[in-house]
Amino acid sequence: MSPSLKSLIVLSFVVALGSYMVTPFIGVLMVEAVGLDVRLAGVLVAVATFIQFGGSILGGPVVDRLGLKRTMVFSLALRTAGLVLLGLAVKVPTVAYPAVFLVAVGPALYLPANKAYVVTSVSDDLRPLFLAISSAALNAGMGLGPLLAALLLDADPVLLLLSAAALFALITVAHQITMRPVTRRPAAPGNPPGGAEPARTSKRQALRGAMRPVLFAAVAFYLYFFFQSFMGLYAAGVSNIQVLGWAMLVNCAMVVLLQPPLSGWIARADYRRLLAGSFALMATGMAVMSMGDTPALLVGTALFTLGEVFLFLRCDLELVDRVPGNPAFAFGVQRLTAGIGGLLAGVIGGFVFAHYQGEGDLGMFWIVVAIQCAVAAVAALLFGGRRAAAREKSGLDPELEAVS
C-alpha cells in the first residue's frame, strides 16, 4: 500500500467523522437553531440529500479536468465554506440556503474521487479488499460522528458547526500535503497510443449493459434511506432518541468489522443469490424493528446491516467492472442512484410515516418497508441475472481501468 493510499484511508475516517457530526442533525439545526419552518427545513434537507448523492454524476467530468487529488481538495474546501456559512446562518437565516448547498456539493464531488483513487492505486485483484477497507474507514467515522456531535450540540450549535468547519479546514490541508496525484497506468503492449476513444466508446456501451445492476442499486439505496431517514423519528416516537446513536453505532461497526474480511467472498458470490439474500436480511431486520422496543431496534438494525454489508460492496464492484476505464464516473453513477433512491424514500416515507403516526401504529411503517424489501428479494431471484464483467465482454485490457 502506497503512503498516499494509507493517508487517504485514514483521512476518509476523519472526513466521515466530521461529516456525521453535522449531517444527521441538519434538519434539527435548521428548525431549532436557524428558525426555519419545519416543512421548509424538510424540503431543504431532501434537496440537499439529492444534491449530495445525485450531484456525484458530475464527479467524473470534474476529475477529468482537475484530477483526483485536486478534485478532493476542491470539494473539501467547498464543504469547509458551507460549514462556516451554516454557523453564520444562526444569526443570518438567509445564509442557510447557500450553506446547505455547499455542504451537499462537497461530498457529491469528494466521494467518487475518493473511491476512484483507491481503485486506481491498487491492482484489480486487490480492488474488493481495499474498497472494503475504505468503506470500513468511512463507516467508522459515520458511527462515531453523531456520538461526538451530541456532546457539542447540547452546548451550542454554533460551536458544533464552527468546530466541524475547523476540522474540515485541517482535513483539506492534510489532503494537499500527504497525497500524491495518481496517473493513468501505462497501456499494455499492443494497445495503440490513441486508445482513449475506444475506451470511451466502450464505456458508453458498458453503461447500457449495466442498467440491471444500476436499477438494483437504486432499489437498495431506496430501501436503505428508509432506515437512514426515519430511524431517528421512529426511535423518538416509540423509545428514546438516544437509541439512534446506538443504532448508528451498531450499523457502522458491523460494516467496519465484517466487510473487509468478507470482501473476497462478496466479490466471488453468485450475483443473483447475493442480491436476493441481502434484500431478505433487510426485510427481516425491518420486521424485527417494528416491535418497537430498544432491543428490537438494535437486533433489527444488526440484521438489516448484515444485508447492507453484502449488498453495497457488490454494487460498487459490479459498476466498476461493467463501466471500465473511468471509476470516478462509475461511482458517480452509483451515487446518483443513491440520490434518486434517497429522494423517493424521503417523499414516500414521509407520507407513510405520517399516516401511521396519525393511526398511532408506527410499527406498521417498518412492516411496509419490510414488504418492499421482500418484493425486491423476489425480483432479484427472477431478474438478477449473472455477473458479467464489462472488461470480459469488451475485450479491453484491465490495465486501462484507471483515471488520471
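At a probe radius of 1.4 angstrom, the accessible area of segment 68-180 per residue rounds to 38 square angstrom. Gain on full extension, evaluated as 0.36 nm per residue between Gln357 and Arg268 minus their Cα-Cα distance, stands at 27.8 nm.
For the peptides 165-171, 345-351, the ranking by packing is 165-171, 345-351, with the highest mean count of neighbouring Cβ atoms within 10 Å listed first.
Of the accessible area of segment 40-113, with the probe set at 1.4 angstrom, what percent is carbon plus sulfur?
78 percent
The mean of 1/r over all pairs of different alpha-carbon atoms in segment 246-322, once inverted, gives a Kirkwood hydrodynamic radius of 12.8 Å. Note that segment 263-387 carries a Kirkwood radius of 15.7 Å, evaluated over its alpha carbons pair by pair. For the peptides 366-379, 276-289, the ranking by packing is 276-289, 366-379, with the highest mean count of neighbouring Cβ atoms within 10 Å listed first.
Over all pairs of different C-alpha atoms, segment 1-132 has a mean inverse distance whose reciprocal, the Kirkwood radius, equals 15.7 Å.
Sorting 1-9, 66-74 by average packing, meaning the other beta carbons within 10 Å per residue, from highest down gives 66-74, 1-9. Here the simple spin-label model places points 7 Å from the Cα toward Cβ, and for Phe383 and Asp37 these points are separated by 3.9 nm.
Summing +1 for each Lys or Arg and -1 for each Asp or Glu among the other residues whose beta-carbon sits under 13 angstrom from that of Leu111 gives +2. Is the shape of segment 75-151 best called rounded, prolate or oblate, per the rule: a/c under 1.5 gives rounded, else a/b larger than b/c gives prolate, else oblate, with a ≥ b ≥ c the square roots of the Cα gyration tensor eigenvalues? Since a/c reaches 1.5 but b/c is at least a/b, the shape of segment 75-151 is classed as oblate.
The values are calculated or read from the model by the stated rules, or taken from the named source; none is laboratory data. Everything numeric in this text was worked out from a predicted model, so none of it was measured. Cβ sites come from the backbone with ideal geometry, for glycine too, and all protein chains shown count toward neighbours. SASA here: full protein model, heavy atoms, side chains in, ligands and nucleic acids out. Shrake-Rupley method; radii C 1.70, N 1.55, O 1.52, S 1.80 Å.
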